[in-house]
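S.K.: Below: one structure in structure tokens.
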Amino acid sequence: MSELLTGAQIICRTLVDAGVEVMFGYPGGAIMPFYDALHGHAGLRHILVRHEQAAAHAADGYARARNRVGVCVATSGPGATNLVTGLATAHMDGSPVLAITGQVGRPMLGRDAFQETDVVGVTLPVTKHNVLVRDIEDLADDVREAMAIAMEGRPGPVLVDVPKDVQNQKAEYRSRTEPLRRQRDPGPDAPDDATVLEVARLIAEAKRPLLMIGRGVIMSGAYAEVRELAERTGTPVITTLLGISAFPQAHDLHLGMPGMHGEVHINKAIQAADLIVGIGMRFDDRVTGNTATFAPRAKIVHIDVNPAAIGLNVPVAVGIVGDARRVLERLLSIVTARDCLPWREEIEGLKHDREELFAGGLSPEVILSALADVTGGRCTIVSDVGQHQMWVAQRYPFQRPNTHITSGGLGAMGFAVPAAMGVRLARPDEPVWAISGDGGFQMNMAEMATMVQEGIEVKLAVFNNGYLGMVRQWQQFFHGGRYSNTPILSPDYVKLADAYGIPGWRVTKASDVTDALRQANSAPGPALVELVIEQEANVFPMIVPGGSLSEPLEAAPV
Ligand SMILES: Cc1ncc(C[n+]2csc(CCOP(=O)(O)OP(=O)(O)O)c2C)c(N)n1
């Protein structure tokens, strides 16, 4: 079946046919034909954000929560360049985002036209694939192909740049009847039997094995398989920052987060382990510390869908390229049962009570346990970047899969508020809390207007310590306590929320936390809670940047 449509209508139809329901964007000159076509498309909901960065983060949040492509739209030049941080965030964390950008008309390309930026050039290193559509006949397939690439293998962002005259041109729209032009990546070959047998043998022989799991487990939905492997072999499980909620926090075999802000006994266990099976994670430097001293006694088995990740940061004894679930299914067909009890007892013995170094007042501990009580664990938490992000990762009792979403690889402040909008649209039936610091919140707080205009029920928690806290902590520890440009003024958040028509609460005392969080959680629509925490609270333990996991700081260096 074919019909004559404009390029702009072709984009809309292609998106509808691909099952897209919602997109986040901001109009402008070079993308106006697309916005005009969108006007008549009831099936496509468009969320008008207040900054294109928010559109990219929101599409990313949506993608992570639904495991499908999230879509953002921007005009050429400044609109497109404003997407870059969001695309880089999605690229680092393997999130499938499609960006559609308007471009100046083809006759103007390369002439420094008004709002012309070579966005394909700019986004080359932060996308999996990008394309400038020069021929209307390619448009529909270019969009389809980009969406397929976004999802296959290790997911990631893609960008389709469409000149304005191509959006206005007419062509026949063909629903996809033939296969995509490009051969789809068939994905990695199944691991050979000998390799899987070797891994099973290493697991059977290890005295001190650990499973270390990342977001790849969430993306492949390998929850049951990881759990089965852990339980059948009695192997303790470590979840990286992006692996949090891939394994129930309260499970006996769950240890917690490793690395820079990992608990001491977890990092010590890594240093004592004789086998580490890394699944869907990439041995990032915040996990390993100094790689020369990382896990000195361990053989490393690395299972990841991205061949480039294997052996990139740490030498591996066995590498398997593949989807976590499929590889684990194979492994489970031959892994023998054991319990690793002496090793688990040894790790238990490494635990020691850590004195909390909060000077009283409102501690993150109190806030996060109150939030867990109030939500009954039935919520998704989207955290921003900084101290509060680490407190959430260390302390919130995540029990359900994929309920913790954060910018891990890029560490982009400003992520939480817009990403939470995307998560909420993907999960309309459960509370979504964005937890930010006073710095990161101020980066994208204008999105409160988007929430109100579009009726997106995000709950906002702002940890206000009056500082860019994580940087202040580093200044305290490593820069002689010189707080250079880290004290940060905040507006009156409750008044600000009120200005947007959002109810707000300011909490300064531990005794008021539960009540405020409960009211915000049950208020209809968006709500904000400002939590005035101790100004110079620090995140412990800490491995100094580039240091060894064996040498944690448990108090500020003097
Ligand atoms: C876009 C961006 N700019 C700068 C940084 C560097 N940075 C990392 S944490 C941090 C401080 C965050 O402060 P705040 O949002 O108040 O959170 P807190 O650490 O106090 O919890 C900064 C500036 C970053 N990660 N992202």
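The values are calculated or read from the model by the stated rules, or taken from the named source; none is laboratory data. Please read all numbers here as calculations on a predicted model, not as lab measurements. Neighbour counts are summed over all protein chains in view; Cβ atoms, including those assigned to glycine, are modelled from backbone coordinates with ideal geometry. Surface accessibility is based on the protein's heavy atoms, side chains included, excluding ligands, DNA and RNA. Shrake-Rupley method; radii C 1.70, N 1.55, O 1.52, S 1.80 Å.
S.K.: Please count how many residues of segment 5-49 are of a type in the set (Gly, Ala, Ser), under 19 Å from Ala426 (Cα atoms) and surrounded by 18 or more Cβ atoms within 10 Å (Cβ to Cβ).
M.R.: 1
S.K.: Would you check if Ala88 is more than 16 Å from the ligand (Cβ to nearest atom) and in contact with a helix residue (DSSP H, G or I) (Cβ under 7 Å, 6 or more places away or on another chain)?
M.R.: So Ala88 does not fit the description; no.
S.K.: Another question about this same structure. Out of the residues in segment 482-502 that are within 16 Å of the ligand (Cβ to nearest atom) and hydroxyl-bearing (Ser, Thr, Tyr), state the one that is surrounded by the fewest Cβ atoms within 10 Å (Cβ to Cβ).
M.R.: Going through the qualifying residues, I end up with Ser484.
S.K.: Let me ask another. Could you look through segment 397-412, keep only residues that are more than 19 Å from Arg66 (Cβ to Cβ) and touching a residue at least 40 places away in the same chain (Cβ under 8 Å), and pick out the one that is farthest from the ligand (Cβ to nearest atom)?
M.R.: My answer is Gln399.
S.K.: Here is a list of conditions, (1) part of a loop (DSSP other than H, G, I, E, B); (2) within 16 Å of the ligand (Cβ to nearest atom), and Asp353 meets all of them except one; can you say which number that is?
M.R.: Just one mismatch for Asp353, condition (2).
S.K.: When you go through Ala150, Ala194, Ala99 one by one, which is the residue that is crowded, with 23+ Cβ neighbours inside 10 Å and either without any contact (Cβ under 8 Å) to a residue 24 or more places away in the chain or in contact with a Cys (Cβ under 6 Å, 6 or more places away or on another chain) (or both)?
M.R.: Ala99
S.K.: Do we find that Gly409 is at positive phi and surrounded by fewer than 21 Cβ atoms within 10 Å (Cβ to Cβ) in this structure?
M.R.: So Gly409 does not fit the description; no.
S.K.: For segment 347-378, give me each residue that is open to solvent by 70 Å² or more (accessible area, probe 1.4 Å) and farther than 30 Å from Ala510 by Cα.
M.R.: Hit for segment 347-378 is Glu348, nothing else.
S.K.: Quick check on my filter: what residues within segment 413-435 are within 15 Å of the ligand (Cβ to nearest atom) and open to solvent by 10 Å² or more (accessible area, probe 1.4 Å)?
M.R.: Met413
S.K.: Quick check on segment 436-469: of everything there that is open to solvent by 40 Å² or more (accessible area, probe 1.4 Å) and near the ligand (Cβ under 9 Å from one of its atoms), which residue is nearest to Ile502 (Cα to Cα)?
M.R.: The residue in question is Gln442.
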